[in-house]
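The values are calculated or read from the model by the stated rules, or taken from the named source; none is laboratory data. In this text the structure is predicted, and so the values were computed from the model without any measurement. Counting neighbours? That spans all protein chains shown, and the Cβs are built from the backbone with ideal geometry, glycine included. Calculation scope for accessible area: heavy atoms of the full protein, side chains included, ligands and nucleic acids excluded. Shrake-Rupley method; radii C 1.70, N 1.55, O 1.52, S 1.80 Å.
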Amino acid sequence: MSLDRPADLRIIVMGVSGCGKSTVAQGIARALGGRFFDGDDFHPRQNIEKMSRGEPLDDLDRWPWLTLVGEELERGEGIVVGACSALKRRYRDHIAAAAGAQVLFLHLSGSRSLIAERMAVREGHFMPPALLESQFTALEPPDQHENAITVDIQPTISEIVVEAVRALKARL
């Protein structure tokens, strides 16, 4: 498959809260001429309220949400790029099953300290910095057996998007 003549391509930009998923996913969608969606928009009210209180979600909270994220991936044609934490392998498998398609996961990886710094200056997000540790505890980085690419988030957002697009093109 070539990104010069895109067939249906489904990408989830994943990682812990504060790593830049939404911003990077938007940049990738723009660079590839695809459609972007933010998985946070599919959280039910009770999930957002729970996280806003500083309580981490459990699997029972996540399954319906992950199903909706997967279903959104299957809508439309061409390139669809979503942002979703997808912290555990079973969550990524669930998203792909709900999408009914192969999904490429782009893992944004960075240190706790870097992400904590970014979360401290972020405004207007329901996920408090206090939940960052629970995100790292839950994180199962993709391994070599998964359809995934890992990109470091140390550079600027523009550089991350360029590197992500380069890695996607190399993979496809």
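Side notes on the structure shown:
- Under the condition of being outside any helix (DSSP H, G or I) and among the hydrophobic types (A, V, I, L, M, F, W, C), the residues counted in region 92-119 number 6.
- Number of the condition not met by residue 24 [criteria: (1) under 25 Å from residue 170 (Cβ atoms); (2) in a loop (DSSP other than H, G, I, E, B)]: (2)
- Residue tally, condition crowded, with 19+ Cβ neighbours inside 10 Å and more than 11 Å from the chain's Cα centre (by Cα), over region 96-108: 4
- Residue that is open to solvent by 70 Å² or more (accessible area, probe 1.4 Å) and touching an Asp or Glu at 6+ places or on another chain (Cβ under 6 Å), where the choices are 112, 89: 89
- Residue list for region 5-21, restricted to those being within 21 Å of residue 66 (Cα to Cα) and either assigned to a helix (DSSP H, G or I) or of a type in the set (A, V, I, L, M) (or both): 9, 11, 12, 13, 14, 16, 21
- Check on residue 25, surrounded by 19 or more Cβ atoms within 10 Å (Cβ to Cβ) and in contact with a Lys or Arg (Cβ under 7 Å, 6 or more places away or on another chain): no
- Residue list for region 144-158, filter: open to solvent by less than 80 Å² (accessible area, probe 1.4 Å) and free of Cβ contacts under 8 Å to residues at least 12 places away in the same chain: 155, 156
- Every residue from region 61-80 that is part of a helix (DSSP H, G or I) and open to solvent by 10 Å² or more (accessible area, probe 1.4 Å): 61, 62, 63, 64, 67, 68, 71, 72, 74
- Cβ separations smaller than 6 Å between residues 6+ apart or across chains give the following pairs from region 50-72 residues that are closer than 15 Å to residue 40 by Cβ to residues that are modelled with pLDDT of 95 or more and open to solvent by 40 Å² or more (accessible area, probe 1.4 Å): 65/42; 66/94; 68/42; 69/42.
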